[in-house]
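**Student:** Quick one: structure below, then a few questions.
The values are calculated or read from the model by the stated rules, or taken from the named source; none is laboratory data. Model, not experiment: these values are computed from the prediction. Don't worry about glycine lacking a Cβ; one is built from the backbone with ideal geometry, like all the others, and counts go over all protein chains shown.
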Amino acid sequence: MMNSITTHPAKQHMAILGGGCAGLSLAARVADWPDMAMTVIDHPDHKPRQDHNWGCWSINGLEDALAMARKTWPQWAIITDAGIHKQSSDHHPYMAIESKAWLNHCRIQARQQGVTFTAARLTDITVNDQHVSLAADPALPLFQHVADSRPPALPDGIMLQHFRGVEIKTEHDVFDPDCAILMDFRCDQSRGIHFIYVLPYAKNRALVESTMFSTELAPEDFYDTAIADYCDHILHAGKTMTLRREEGVIPMGFLSPRDNQVAAIGGNGGAIRPSSGYAFVFIQRQMEQALTKYKHTGQVTFKPPHKPVDLWMDAVFLAVIRRQPALAPRLFAAIAKALTGDEMAMFMSGLATSRLRFKIIMAMPKWPFIKALLSRPWKMIT
Ligand SMILES: Cc1cc2nc3c(=O)[nH]c(=O)nc-3n(C[C@H](O)[C@H](O)[C@H](O)COP(=O)(O)OP(=O)(O)OC[C@H]3O[C@@H](n4cnc5c(N)ncnc54)[C@H](O)[C@@H]3O)c2cc1C
């Protein structure tokens, strides 16, 4: 049975598979795509993920996100046993956007601009010169274009960023509301690279997250214990009240798209930065680049938004921390020490210049990187 999607005879029609960050960020800007209609297709069993934060630096192109950010921080820090490395930027503060707020904003924009939303169980995709046919229950019309954000398969042994966090209210004023803590390594390192991430919303209120980079997830109580220990022994927070929880697993590596026949977007389209797990800023850039290309050439193509040199650096960096996880605190601290706040914001947002990349390379200990280079880790991305 054909469902109730309106077809637009004068327009081309794009199916967006998946109504998450990438799918909805694309659909929200349908009016910018001349002569394009869009339909967002999600799985009928889709349950919205619990609300969580997207953290990133405020840079050009993220004005909409900045306008709805829950909070911005002009300073941020990386902390190890050896000390605290603080950076600051008035031009590019760190910011947190609530996922529900962003997704709702995009959904409303998309609906107002005529995007159709439907739930369908996809079973097959067939592509020919004229159109793409999506076999689905309920049946779908033919499309000229498909942007696929369904999560890709994860290769065995891939590095994962996995975390559990709590937003808490503390008895004592223990947070600096002007300074986000990106990584505090003063926590249990026995299972691999582990740090605490803190987004302070007020002196007595923050998101505190236990985050690991490793190939294996930890038992839930590992993260919870780490947070409790941090609150007790590092922050001396007194009694804490849990306001909400968030958790997630983000692949850190080089993934093949779920279906090579159609354009891939978001995490499926290589938007997650392999060495950091940051994706929000890169998803927005991927959409901007695709729109620019469409306006100039009429072609619909979505490309991974990272520069090849950044992916190459990420591959080498990941090879180093996989081989020597104990080095991670020193490496992250060295990057923070070598760069100004503005430079850090640019580098983490994929906008580094060659000079900036050179600065980072020079700040790294040489021998672990030479050994990693010899293992030719970029084979993963070529
Ligand atoms: C808890 C969490 C915190 C994060 N924090 C940050 C952060 O601080 N900063 C940052 O930059 N990045 C962060 N990320 C990473 C990244 O921003 C997100 O993973 C982002 O949501 C990726 O967007 P996406 O659209 O590719 O995938 P998703 O948002 O996961 O969307 C995929 C969509 O596909 C749908 N789908 C799945 N299967 C099917 C199917 N068979 N048919 C149709 N639809 C289907 C799903 O229902 C979903 O709607 C975080 C990720 C998580 C999970």
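**Student:** Could you run through segment 147-159 and say how many residues are more than 11 Å from the ligand (Cβ to nearest atom) and either under 21 Å from Phe302 (Cβ atoms) or part of a strand (DSSP E or B) (or both)? Step through it out loud before you land on a result.
**Tutor:** Initially, segment 147-159 is screened for residues more than 11 Å from the ligand (Cβ to nearest atom), giving 153-159.
From what's left, either under 21 Å from Phe302 (Cβ atoms) or part of a strand (DSSP E or B) (or both): 153-154, 159.
Here the count works out to 3.
**Student:** Let me ask something else about it. Can you tell me which residue among Ala110, Ala120 is within 11 Å of the ligand (Cβ to nearest atom), small (Gly, Ala, Ser) and crowded, with 19+ Cβ neighbours inside 10 Å? Please lay out each step first, then the result.
**Tutor:** On the way: Ala110 fails: within 11 Å of the ligand (Cβ to nearest atom).
None of the others qualify; the one that does is Ala120.
**Student:** Considering each of Thr72, Thr126 in turn, give the residue that is in contact with a strand residue (DSSP E or B) (Cβ under 6 Å, 6 or more places away or on another chain), exposed (fewer than 15 other Cβ atoms within 10 Å of the Cβ) and at pLDDT 95 or above. Before you say what the answer is, go through the steps one by one.
**Tutor:** Numbers: Thr72 fails: exposed (fewer than 15 other Cβ atoms within 10 Å of the Cβ).
From the options Thr72, Thr126, the qualifying one is Thr126.
**Student:** Checking Gly238 against (1) at negative phi; (2) over 23 Å from the mean Cα position of the chain (by Cα), only one condition comes out false. Which one?
**Tutor:** Answer for Gly238: the failing condition is (1).
**Student:** On to the next question. Could you say whether any residue in segment 229-240 is surrounded by 15 or more Cβ atoms within 10 Å (Cβ to Cβ), out of contact with any Pro (no Cβ under 9 Å at 6 or more places or on another chain) and aromatic (Phe, Trp, Tyr)? Write out each step before concluding.
**Tutor:** So in segment 229-240, the residues surrounded by 15 or more Cβ atoms within 10 Å (Cβ to Cβ) come out as 229-231, 234-235, 237, 240.
Still in the list and also out of contact with any Pro (no Cβ under 9 Å at 6 or more places or on another chain): 229-231, 234-235, 237, 240.
Pick out the ones that are also aromatic (Phe, Trp, Tyr) and you get 230.
Yes - at least one qualifying residue is present in segment 229-240.
**Student:** So Ala135 clears everything in (1) outside any loop (DSSP other than H, G, I, E, B); (2) of a type in the set (A, V, I, L, M, F, W, C); (3) within 30 Å of Pro93 (Cα to Cα) except one condition, right? Which one?
**Tutor:** Ala135 satisfies all of (1) outside any loop (DSSP other than H, G, I, E, B); (2) of a type in the set (A, V, I, L, M, F, W, C); (3) within 30 Å of Pro93 (Cα to Cα) except (3).
**Student:** Take segment 42-59 and flag every residue that is modelled with pLDDT of 95 or more and more than 6 Å from the ligand (Cβ to nearest atom).
**Tutor:** Matches in segment 42-59: Trp57, Ser58, Ile59.
**Student:** Another question, then. Out of segment 270-312, which residues are assigned to a helix (DSSP H, G or I), within 11 Å of the ligand (Cβ to nearest atom) and over 17 Å from Ala352 (Cβ atoms)? Steps first, answer last, please.
**Tutor:** Here is the first cut: in segment 270-312, the residues assigned to a helix (DSSP H, G or I) are 280-297, 308-312.
Add one more test, that the residue is within 11 Å of the ligand (Cβ to nearest atom), and what stays is 280-284, 286-287.
Across segment 270-312, the qualifying residues are Phe280, Ile283, Gln284, Gln286, Met287.
**Student:** Taking Gln261 as the residue in question, decide whether it is out of contact with any Asp or Glu (no Cβ under 7 Å at 6 or more places or on another chain), of a type in the set (S, T, N, Q) and assigned to a helix (DSSP H, G or I).
**Tutor:** Numbers: out of contact with any Asp or Glu (no Cβ under 7 Å at 6 or more places or on another chain): yes; of a type in the set (S, T, N, Q): yes; assigned to a helix (DSSP H, G or I): no.
So Gln261 fails the test.
**Student:** Out of all the residues in segment 359-371, which are surrounded by fewer than 16 Cβ atoms within 10 Å (Cβ to Cβ) and more than 25 Å from the chain's Cα centre (by Cα)? Break it down stepwise before answering.
**Tutor:** Of all residues in segment 359-371, those surrounded by fewer than 16 Cβ atoms within 10 Å (Cβ to Cβ) come to 361-363, 365-367, 370-371.
Met362, Ala363, Pro365, Lys366, Trp367, Ile370, Lys371 - these are the residues of segment 359-371 that are surrounded by fewer than 16 Cβ atoms within 10 Å (Cβ to Cβ) and more than 25 Å from the chain's Cα centre (by Cα).
**Student:** If you check Met68 against the conditions, is it within 23 Å of Gly350 (Cβ to Cβ), within 16 Å of the chain's Cα centre (by Cα) and of a type outside the set (Asp, Glu)? Please lay out each step first, then the result.
**Tutor:** Numbers: within 23 Å of Gly350 (Cβ to Cβ): yes; within 16 Å of the chain's Cα centre (by Cα): no; of a type outside the set (Asp, Glu): yes.
Here the answer is no, as Met68 does not meet what is asked.
**Student:** Starting from residues that are within 13 Å of the chain's Cα centre (by Cα) and more than 10 Å from the ligand (Cβ to nearest atom), keep the ones in segment 243-261 and report whichever is modelled with the highest pLDDT.
**Tutor:** We begin by selecting, within segment 243-261, every residue within 13 Å of the chain's Cα centre (by Cα); these are 248-253.
Subset that is more than 10 Å from the ligand (Cβ to nearest atom): 252-253.
Working: Met252: 95, Gly253: 92.
Only one residue fits best here, namely Met252.
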